[in-house]
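Just below is one structure, and these are the notes that go with it.
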Amino acid sequence: MSTPVLEARDVSMVFGGLKALKGVTLTLEEGKIVGLIGPNGAGKTTFFNCLTGLYTPTTGEVLLKGNVLHGDPAKVTAAGLARTFQNIRLFPSMTVLENVMVGRHVRMKQGPLASLFHGPAYQRGEKAARERSRELLAFVGLNGVDDELSRNLPYGDQRRLEIARALATDPAVLLLDEPTAGMNPQETEATQQLIFRIRDTGVSVVVIEHDIKFIFGLCDSVSVLVQGELLVEGSPEVVRADPRVIEAYLGKPPEEVQHDVEAAAASVEEEQA
Ligand SMILES: Nc1ncnc2c1ncn2[C@@H]1O[C@H](COP(=O)(O)OP(=O)(O)OP(=O)(O)O)[C@@H](O)[C@H]1O
Ligand SMILES: [Mg+2]
């Protein structure tokens with residue numbers, strides 16, 4: 001079997017007395033889309049923070065293309081792991097194009113002297129970065145807004161812009177934290193198609209979402225996190241049929257939920273009688 005593009009081994013994260021992650025293992029094969037679901041506070045974002053070096057896991061390690069990642073978020077990005085944030089983190093007073101170019105600068109070769117003197121090599125680099133950034137904006141479906149301030153974009157477009165900025169770093173793996181939060185059904189559908197197109201360019205993806213329908217329609221495999229623990233992982237078919245997943249989501253076993261619904265209906269009938 002080939003080396004997975006991303007591997008998290010036994011990752012734990014403790015905050016004071018709170019065990020936010022308890023030995024979570026996740027494997028992402030190249031060219032795949034893996035979904036990460038779980039109730040609020042399950043530890044999903046914390047897991048992304050551990051993968052990207054924002055947090056140093058209490059135990060465990062993260063490997064990208066077989067190499068162990070060491071802390072530092074900037075180095076992690078340069079190594080090929082990019083992300084978007086649950087709470088959008090753009091530069092609000094920069095233009096749309098500038099926001100993407102910030103991502104592009106990770107890949108630029110010029111040293112500090114070139115940028116100081118703004119010589120020909122620097123000019124060429126900037127031109128190439130601008131062209132690539134424009135391509136990426138078109139790719140994510142943001143057209144004709146290059147010079148708008150990013151804060152003036154509608155919410156859904158800001159999410160798309162964050163994806164373009166992440167792609168500008170030429171990642172091997174893209175982590176998306178709730179990419180459809182706050183989107184209408186049409187935008188959600190467009191985002192699903194966008195993630196398929198990203199995968200088709202050779203980028204492997206891990207996506208956190210609460211929208212189960214979106215996840216099951218998108219992912220090759222789904223991991224379910226509950227209270228910091230990996231509860232189930234497998235194909236969408238396997239995960240959606242697992243009673244533990246239904247219980248984790250509804251808080252009760254399906255039979256009990258059914259019972260509650262019937263009891264509520266009966267009490268309404270009684271009241272009306
Ligand atoms: N920096 C931190 N310091 C202390 N506790 C934290 C920190 N970050 C997260 N936590 C706690 O860790 C737990 C997991 O939080 P996390 O944000 O990872 O959940 P989540 O699965 O992403 O939830 P949601 O679906 O609401 O985004 C929560 O109890 C949260 O309060
Ligand atoms: Mg979260």
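All of the numbers you see were taken from the coordinates with simple rules; none came from a lab. What you are looking at is a predicted structure, and each value in this text was computed from that prediction instead of being measured. A quick note on method: Cβ atoms are made from the backbone with ideal geometry, for glycine too, and the neighbour counts reach across all protein chains shown.
With +1 on each Lys and Arg Cβ and -1 on each Asp and Glu Cβ, how big is the dipole of the chain about its Cα centre, in debye rounded to the nearest 20?
1760 debye
What number, in percent, do you get for the relative contact order of segment 6-236 if the mean sequence gap of Cα pairs under 8 Å and at least 6 apart is divided by its residue count?
Relative contact order for segment 6-236 comes out at 30 percent.
Any chance you could run the full-extension gain for Arg130 through Ser235? It's 0.36 nm times the residue separation minus the Cα-Cα distance, nm to one decimal.
33.8 nm
Which far-off residues, 5 or more places away or on another chain, put their amide H under 5 Å from the one on Val207, with H placed in the peptide plane?
Residues meeting the amide H criterion: Val34, Gly35, Leu36, Leu176.
Using θ = phi - 60° and the Karplus curve 6.51 cos²θ - 1.76 cosθ + 1.60, what whole-Hz ³J(HN,Hα) does each residue of segment 208-215 get, with Gly and Pro shown as x?
8, 7, 8, 6, 5, 4, 4, 5
Using only Cα atoms, locate the centre of segment 48-68 and the centre of segment 194-224, then give the distance between them in Å, rounded to an integer.
Cα centroid of segment 48-68 versus Cα centroid of segment 194-224: 21 Å apart.
Looking at Ala129, Thr191, Asn152, which one has the Cα that reaches farthest to the positive end of the dipole of segment 6-236 (charges on Cβ: Lys, Arg +1; Asp, Glu -1)?
The one lying farthest along the dipole's positive direction is Ala129.
Below 8 Å, C-alpha to C-alpha, sequence gap of six or more: please give me the relative contact order for segment 159-241 in percent.
Relative contact order comes out at 24 percent.
In whole Hz and in residue order, list the ³J(HN,Hα) couplings for segment 39-56 that follow from phi through the Karplus curve 6.51 cos²θ - 1.76 cosθ + 1.60, θ = phi - 60°; x for Gly and Pro.
x, 3, x, 5, x, 5, 5, 4, 4, 4, 5, 6, 5, 8, x, 5, 10, 9
List every residue whose amide H lies under 5 Å from the amide H of Glu229, counting only residues 5 or more places away in sequence or on a different chain, with H placed 1.01 Å from N in the peptide plane.
Here the answer is Lys22, since their amide H atoms fall under 5 Å of that of Glu229.
Going through the cross-link list Lys22/Lys75; Lys32/Lys213; Lys32/Lys127; Lys22/Lys44; Lys32/Lys65, which pairs have a Cα-Cα distance over 21 Å in this structure?
Values: Lys22/Lys75 25 Å; Lys32/Lys213 18 Å; Lys32/Lys127 33 Å; Lys22/Lys44 12 Å; Lys32/Lys65 14 Å.
Those over the limit are Lys22/Lys75; Lys32/Lys127.
Which whole-Hz ³J(HN,Hα) couplings does segment 128-142 yield from phi under the Karplus relation 6.51 cos²θ - 1.76 cosθ + 1.60, θ = phi - 60°, glycine and proline marked x?
5, 5, 5, 5, 5, 5, 5, 4, 5, 4, 5, 4, 7, x, 9
Pull up all non-local amide H partners of Gly31: gap of 5 or more, or a different chain, and H-to-H distance under 5 Å with H placed in the peptide plane.
So Gly31 has HN proximity to Ser204.
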